[in-house]
1. Against the condition in contact (Cβ under 8 Å) with a residue 60 or more places away in the chain and surrounded by 18 or more Cβ atoms within 10 Å (Cβ to Cβ), how does E166 come out, does it pass?
2. Scan segment 267-299 residue by residue and report those that are closer than 18 Å to N213 by Cα, open to solvent by 30 Å² or more (accessible area, probe 1.4 Å) and not charged (D, E, K, R).
3. If a residue must be of a type in the set (S, T, Y), part of a strand (DSSP E or B) and touching a Pro at 6+ places or on another chain (Cβ under 9 Å), how many such residues does segment 220-239 contain?
4. List the number of the failed condition for K264; all other conditions in (1) more than 22 Å from E137 (Cβ to Cβ); (2) surrounded by 14 or more Cβ atoms within 10 Å (Cβ to Cβ) hold.
5. Scanning segment 79-117 for residues that are more than 30 Å from V128 (Cβ to Cβ) and assigned to a helix (DSSP H, G or I), which turns out modelled with the highest pLDDT?
6. Has segment 240-259 got any residue that is open to solvent by 30 Å² or more (accessible area, probe 1.4 Å), more than 25 Å from V316 (Cβ to Cβ) and not in a strand (DSSP E or B)?
7. Could you please let me know if V202 is touching a strand residue (DSSP E or B) at 6+ places or on another chain (Cβ under 6 Å), touching a residue at least 60 places away in the same chain (Cβ under 8 Å) and closer than 16 Å to A314 by Cα?
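The values are calculated or read from the model by the stated rules, or taken from the named source; none is laboratory data. Note that the structure is a prediction, hence the values are computed from the model and not measured. Using ideal geometry, Cβ is built from the backbone for each residue, glycine included, and neighbour counts are taken over all protein chains shown. Surface areas here come from the heavy atoms of the whole protein model, side chains and all, with no ligands, DNA or RNA. Shrake-Rupley method; radii C 1.70, N 1.55, O 1.52, S 1.80 Å.
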Amino acid sequence: MSPNGSDLPHRPKGGGGTPSSRRPMRRKLPHLLTSGLLLATATGCTSEDFPRLGMPTPITEEAPRILALWQGSWAAAIATGVLVWGLIVWSVVFHRRSRTKVEVPAQTRYNMPLEALYTVVPIVIVSVLFYFTARDEAKLLETPDKPDHVVNVVGFQWSWGFNYIENVDGEKSSNTDSKALDAIPDRMKERFPEGAEGVHTVGTPADRNPQNNNPGPTLWLPKGETVEFVLTSRDVIHSFWVVPFLMKQDVIPGHTNSFTVTPKKSGTYMGKCAELCGVDHSRMLFNVKIVSPERYEKHLEKLAEKGNTGYIPAGVKTEGDARNAETNNP
């Protein structure tokens with residue numbers, strides 16, 4: 001090494017680096033801005049779709065509650081992201097290394113108020129999200145004592161069956177005791193209409209909706225009337241998902257789930273199994289056709305005329321509610 005240090009690398013005069021070292025970033029900036037603009041505008045969302053943030057248009061009275069929870073979660077996530085990104089940018093801009101000074105900046109350690117803040121704030125955020133989620137879930141799973149209609153949805157490999165638990169003939173003396181519905185707990189059977197002899201539809205993957213040729217059987221529902229779905233399975237876990245309901249629920253063998261909706265928009269909509277249930281899971285599709293109550297009643301009468309009276313087997317019998325209990329050995 002030379003005595004005067006002439007063989008050591010030197011910082012260019014001005015301390016800011018050569019102009020050529022900053023040109024690549026300047027050249028890339030327009031491309032980055034263009035890519036960001038393209039990404040923001042190429043999603044295909046219209047001004048009406050954007051507020052739903054990717055959710056379909058709700059078609060039940062209960063779905064707007066789910067949509068509001070979805071939008072609120074996005075608002076919380078965006079606010080958190082803006083705060084984090086802002087702190088990152090602030091740190092980068094105001095705490096970047098000086099071009100003229102090379103000393104190590106002052107180090108901050110064991111700042112208890114700061115550490116308490118970034119521990120408490122996430123807990124508060126999670127607690128608020130948990131509260132609203134639990135509140136809405138409890139409301140969505142409420143079931144009226146006497147819903148207007150009850151439909152037993154039966155999942156099986158690889159399609160769906162629908163038991164319309166209805167008093168089709170109008171006679172309250174009809175036999176409602178069916179071994180096909182043994183999988184449903186008695187507490188749920190108490191909400192069945194009196195004299196419901198019932199009709200059914202059983203599907204196959206090869207079925208098609210006659211109006212739009214969509215695959216799968218078609219479940220008919222009356223517009224403006226409360227429908228309770230009682231979900232049972234014959235084999236493995238499935239999941240009953242009608243996309244514009246904005247919710248789904250598992251269909252579990254040996255455990256009966258239920259939820260209630262009130263359709264408010266006529267039309268035919270797609271449904272599917274949302275649980276990987278085996279090799280032909282992708283073929284477990286169905287349709288939901290929402291019509292006037294008068295057309296719904298006529299459809300049930302047509303099923304009865306075709307001989308689709310009674311019920312198909314609902315599935316695996318419920319063995320009782322799960323209990324978290326420990327057995328103490330003597």
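1. Considered against the rule, which asks whether it is in contact (Cβ under 8 Å) with a residue 60 or more places away in the chain and surrounded by 18 or more Cβ atoms within 10 Å (Cβ to Cβ), E166 comes out as yes.
2. Selection gives T268, Y269, M270, S282, L285.
3. The qualifying residues number 2.
4. Condition not satisfied by K264: (1).
5. Only one residue fits best here, namely V93.
6. yes
7. Answer is yes for this residue.
Let's see how each residue does on (1) touching a strand residue (DSSP E or B) at 6+ places or on another chain (Cβ under 8 Å); (2) open to solvent by 100 Å² or more (accessible area, probe 1.4 Å):
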residue: I66; (1), (2): yes, no
residue: A77; (1), (2): no, no
residue: V82; (1), (2): no, no
residue: W90; (1), (2): no, yes
residue: E103; (1), (2): no, yes
residue: Y110; (1), (2): no, yes
residue: A116; (1), (2): no, no
residue: V124; (1), (2): no, no
residue: S127; (1), (2): no, no
